[in-house]
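Some notes on the structure that comes next.
The values are calculated or read from the model by the stated rules, or taken from the named source; none is laboratory data. Owing to the predicted nature of the structure, the values given are computational and were not obtained by experimental measurement. Glycine also receives a Cβ, built like all others from the backbone with ideal geometry; neighbour counts cover every protein chain displayed. These accessible areas exclude ligands, DNA and RNA; they are computed on the full protein's heavy atoms, side chains included. Shrake-Rupley method; radii C 1.70, N 1.55, O 1.52, S 1.80 Å.
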Amino acid sequence: GMAQVQVPTAEVLGQPLLWLELLERHSVNYSWSPNFGFNLVVQELQREPSPHAAKARRYQLAKLRRLLNAGEQVTRSVCDDFVSLVGLAPAVMQPSFGMAEACTCMTYNNSYSSASSFRADPLSLGGALREAALGEAAIEFMDLGPAMPGVEIRIAGEDRATAEAEMVIGHFQIRGDVVTPGYLNNARANAEAFVGGGWLDSGDLGFLRRGRLHLTGRWKESICIRGANYYCYEIERCAERVAGVLPTFVAATSVRDEALGTEQLLVFFSPDASAVGEAAVEALRAGRVEGEVRRL
């Protein structure tokens, strides 16, 4: 019987701070967004000139209990920046996992803090994960919480049929009454997704730590360059921090270089006209990139 406030997505994408205004105006208890939506608010609050941060702290959001963060890879930096700039208690942030086939979220982290991510030693990604020491290079993976009652989760090996031990990256699979019985008129999709025993392969990779889910990326969405594995989302988050790159409009992939016999990194991005100027943007659109990109 709870009332809902429905807002066209385009309106919030065009004015990210409208989300905060609506949360305040309607004394909202619960709302949600994929990680990129939280990042849009962060970017808007950090823009110059910025009386925005002070304005954000004037929002009356005492009624807000949870902001669910799901739908794509959740990153700690975005979560921490959001709650800090908006002036919220960290536990309001709720990193979760869900998919339409499971109606919808199945794991919830209801005790988020800046320590909710696991810092993995990059050299341990191929086996049992080791926690990186402070000051050492690390890859962070967000704690998405335990499975809700009535749902089972597991990490399977390369055969997608045998369960892996905790702290080993593998195929993330789910089972329970909330999971769809199959895709309509799509035998090929059913054969690929359902691996036996009622288990549905989510298409994600991850690991369990103390029974709590940590996703590492999508299956086949990692890049191997000169023998080192990189997650696409990790590269994309780095590229988004470069001045002149429009946040959230970044995609990292790889291309085979036959001459070198290895994969090369390829990053697609949209330039931010407010940061680099219309001339550079027009040059990029027209393909006149040689001189302009060097100036970026």
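In region 1-26, the residues that are farther than 12 Å from Val41 by Cα reach residues that are open to solvent by 60 Å² or more (accessible area, probe 1.4 Å) and β-branched (Val, Ile, Thr) with C-beta atoms within less than 6 angstrom, at least six apart or across chains, in these pairs: His26/Val5. None of Gly87, Gly98 is of a type outside the set (S, T, N, Q) and out of contact with any strand residue (DSSP E or B) (no Cβ under 8 Å at 6 or more places or on another chain) except Gly87. Could you tell me whether any residue of region 55-76 is β-branched (Val, Ile, Thr) and either more than 23 Å from Ala102 (Cβ to Cβ) or at pLDDT 95 or above (or both)? No, region 55-76 contains no residue that is β-branched (Val, Ile, Thr) and either more than 23 Å from Ala102 (Cβ to Cβ) or at pLDDT 95 or above (or both). State all residues of region 136-195 that are of a type in the set (S, T, N, Q), surrounded by fewer than 17 Cβ atoms within 10 Å (Cβ to Cβ) and closer than 19 Å to Glu101 by Cβ; if no residue qualifies, say none. If the condition is that a residue be of a type in the set (S, T, N, Q), surrounded by fewer than 17 Cβ atoms within 10 Å (Cβ to Cβ) and closer than 19 Å to Glu101 by Cβ, then Thr180, Asn185, Asn186, Asn190 are the ones that fit.
Scanning region 92-123 for residues that are of a type outside the set (A, V, I, L, M, F, W, C) and within 18 Å of Pro34 (Cβ to Cβ) gives Gln94, Pro95, Ser96, Gly98, Glu101, Thr104, Thr107, Tyr108, Asn109, Tyr112, Ser116, Ser117. Residues in region 1-26 that are in a loop (DSSP other than H, G, I, E, B) and either open to solvent by 60 Å² or more (accessible area, probe 1.4 Å) or closer than 16 Å to Gly71 by Cβ (or both): Gly1, Met2, Ala3, Gln4, Val5, Gln6, Pro8, Gln15, His26.
For region 123-131, state whether one or more residues are of a type outside the set (Val, Ile, Thr), in a loop (DSSP other than H, G, I, E, B), modelled with pLDDT of 95 or more and surrounded by 18 or more Cβ atoms within 10 Å (Cβ to Cβ).
Yes - at least one qualifying residue is present in region 123-131.
Given the condition modelled with pLDDT of 85 or more, of a type outside the set (Phe, Trp, Tyr), in contact with a Gly (Cβ under 7 Å, 6 or more places away or on another chain) and crowded, with 19+ Cβ neighbours inside 10 Å, answer yes or no: does some residue in region 250-266 qualify? No: region 250-266 contains no residue that is modelled with pLDDT of 85 or more, of a type outside the set (Phe, Trp, Tyr), in contact with a Gly (Cβ under 7 Å, 6 or more places away or on another chain) and crowded, with 19+ Cβ neighbours inside 10 Å. Taking the criterion of being open to solvent by less than 20 Å² (accessible area, probe 1.4 Å) and part of a loop (DSSP other than H, G, I, E, B), the residues of region 64-109 that qualify are Leu64, Ala70, Val74, Thr75, Asn109. May I ask you to verify whether Gly145 is assigned to a loop (DSSP other than H, G, I, E, B) and closer than 15 Å to Leu215 by Cβ? For Gly145, the condition - assigned to a loop (DSSP other than H, G, I, E, B) and closer than 15 Å to Leu215 by Cβ - is met.
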